[in-house]
Every structure is written in structure tokens, then in C-alpha cells.
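The values are calculated or read from the model by the stated rules, or taken from the named source; none is laboratory data. Every value quoted in this text rests on a predicted model; they were computed, and no experiment measured them. Don't worry about glycine lacking a Cβ; one is built from the backbone with ideal geometry, like all the others, and counts go over all protein chains shown.
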Amino acid sequence: MVVTVLAGAPNEHHEGYNSKSTGEHFAPNAIKRRRAEDADAMSLLSSKFEWLDFLDGDYVNERPRVDDDHAMRDEIIRVLREERPASVISPLGLYHEDHVLVSDVCIDIARKGGFEWYLYMDMPYGLAIPRTVSQRLAIVEKRVDLESREPFSGNISIKRQAMKCYVSQYGPTKRSHRRGFRAAMRAPERYWRVAGDTSDSNDNY
């Protein structure tokens, strides 16, 4: 089950990354195209998926993000309660402010307990800008204890097929992070297990 948190769009025309990468200047159409690419990848992987309507960084100026973190937390908890997964894997949060926001919300949920929780290194940014990984880990480890897991390679061929489903993102990301992108196509994935709770709360979900 894959949940894309930042899959919403303001109901207006917008000039920015999503319009340039998709060729669609009406924001809902741009996100519709990105969702279609995501659905293709999920079909390839035989995965369930759900899109939440929070805005990514390209659209944050179109609508105030007041209390977005609280609303996002509530929606993610709703999905967890409905799905009751055996484990949860969320982003470490690198490079993009909106990715860090999602990561922080997920870490807050993980601290409460109730699920076996892991963080994954955001690709290709962790390989393109290695210092961001150590910097982010230092921040996260002030909130939770982490256990580094063995890198997981999986099936590289399937990984490449899935990545190529994201037609509008493939080219721009490759151009922006060429070295990290090439490495990400063949490198194993990195994970950390949230091993301890540094908060005083015993509440869980």
C-alpha cells in the first residue's frame, strides 16, 4: 500500500515545476497527469495506493499551510487505522521542504508507537547530495532512536521499470541530479528502523 501525501492541486492555473514537467498549466490537470503516472507504477507493482490532497512545495503559495501538519497527521493516522499495516516505511526527508514536513509528521506518529516503523533514504537526493543524509539523521536522532538496516537491492529491473512510469519526472530529475540519478537506478535502498521512543508518551494508535 503506497500513500502519496502531497497529491493535491489548487483549482487554478499555475506556472511552476509541475506545469513545466507535465506541460499542463491548469494545476488539477498537471496533478491528474502525475497521478496517472503513479497509477501506472502501482499497477506494475501490483500495489494498492491512495492519494491525499495536500499540496506539494510547488503550490504552497497558492493556499496557506496553516495547520497542514495537524491535518496531515490526522489523515495519515486515518489510513493507518483503516489498513492496519504490519509495518510502515516513510521518507527520511531530504532536500525538499515539503518532503521534510511529511517526514516530520510521520516521525511524530512513529514516536507514539503502535506500528513497526522504518525510514527510507529519499532517492536520488541522498546519493546526489550525501551530506544531507548525515545532517538529517543528526536531527531525526534527537527525536527517535534509529537502527541502520542492511541495504536492500531488490529487483533492479523492476525498479527501473517503475521509475520510468513517471514520465514527467524522469527527465527533469535526471537533468537536475545526474550523478545521483544514475546511481539511484542501480543502487540498493537504504533504511533505518525507528527503534526507540524518546518521548514520555505511552499513547499509541
* Could you grab the pairs with beta carbons closer than 9 Å, sequence gap of 6+ or different chains, first residue in segment 157-170 and farther than 13 Å from Met123 by Cα and at pLDDT 90 or above, second one outside any helix (DSSP H, G or I) and among the small types (Gly, Ala, Ser)? => Ser168/Gly23
* **Some residue of segment 110-122 being within 17 Å of the chain's Cα centre (by Cα) and over 14 Å from Val140 (Cβ atoms)** => no
* Report, by residue number, each residue of segment 121-136 that is touching a residue at least 24 places away in the same chain (Cβ under 8 Å) and under 17 Å from Phe181 (Cβ atoms). => Met121, Asp122, Met123, Pro124, Tyr125, Gly126, Leu127, Ala128, Ile129, Thr132, Val133
* Sole residue being in a helix (DSSP H, G or I) and either modelled with pLDDT under 95 or surrounded by 17 or more Cβ atoms within 10 Å (Cβ to Cβ) (or both), chosen from Leu55, Leu94, Leu101 -> Leu101
* Asked: Exactly one of (1) closer than 22 Å to Pro172 by Cα; (2) under 16 Å from the mean Cα position of the chain (by Cα) is unmet by Ala9. Its number?
  -> (2)
* Being touching a residue at least 24 places away in the same chain (Cβ under 8 Å), part of a helix (DSSP H, G or I), buried (at least 17 other Cβ atoms within 10 Å of the Cβ) and not aliphatic (A, V, I, L, M) is the filter here, so list the residues in segment 1-32 that pass it. => Asn18, Ser21, Thr22
* Asked: Any idea which of (1) assigned to a helix (DSSP H, G or I); (2) under 18 Å from the mean Cα position of the chain (by Cα); (3) exposed (fewer than 15 other Cβ atoms within 10 Å of the Cβ); (4) small (Gly, Ala, Ser) is the one Ala41 doesn't satisfy?
  -> (3)
